[in-house]
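Readers should treat all values here as calculations from the given coordinates under stated rules, not as data from a laboratory. Keep in mind it's a predicted model, so treat the numbers as computed, not measured.
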Amino acid sequence: MRTTRALAVSAAAVAAVGLAAPMAAAWNTPSNIVAMPSVIARGGQLTVTVDGCPRGGTMTSPAFRQARLTPLLGSNSESSSGTATINQDARPGSYDITVNCDGTGPLTRPAAFTVIGGVRGGLGGSSTTGATSTDMAIGGGLVAAAAVGGGVFWMRRRSEKRI
């Protein structure tokens, strides 16, 4: 009876190892592409991490030039990472990323990130220089109202002292 149990346990262990071996061999193929941030403005820096790419490689997209993937350091790391700068003339929309890991075939992730139109900073919301005539009229009216109000207040205080 004990021999039968030992034989069954051994068969189960051999089956588990036999099923896991092809999966372990397939692990060294790119399996997951993560782009951070997923929404980025033109000229921004995009960080891409690829699982199953232990020796590095390259990444390409219509939105940026080819960039290098370098292996991540750490215990049992099977991933690589790289940084790319989005082209200034990239059109807003979704873009694919294609990864070529050293020693494996390419992997493409469709719609991996979205480019949005850039913003023009430093203008403070204005499109003209200096104050417009409307701004001058409003400011002058406020100064005149303050002067009249101050004069009325001063005259009223002056008349209270006489009584």
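Would you work out the Kirkwood radius for segment 27-68? I mean one over the mean of 1/r across all pairs of different Cα atoms, in Å.
Kirkwood radius, segment 27-68: 11.4 Å.
Starting from the alpha-carbon convex hull of segment 74-117, give the projected area averaged over all orientations, in nm².
4.3 nm²
Provide, as a two-decimal number, the C-alpha radius of gyration of segment 44-90 over 2.2 N^0.38 Å, N being how many residues it has.
Rg over 2.2 N^0.38 Å, computed on Cα atoms: 1.22.
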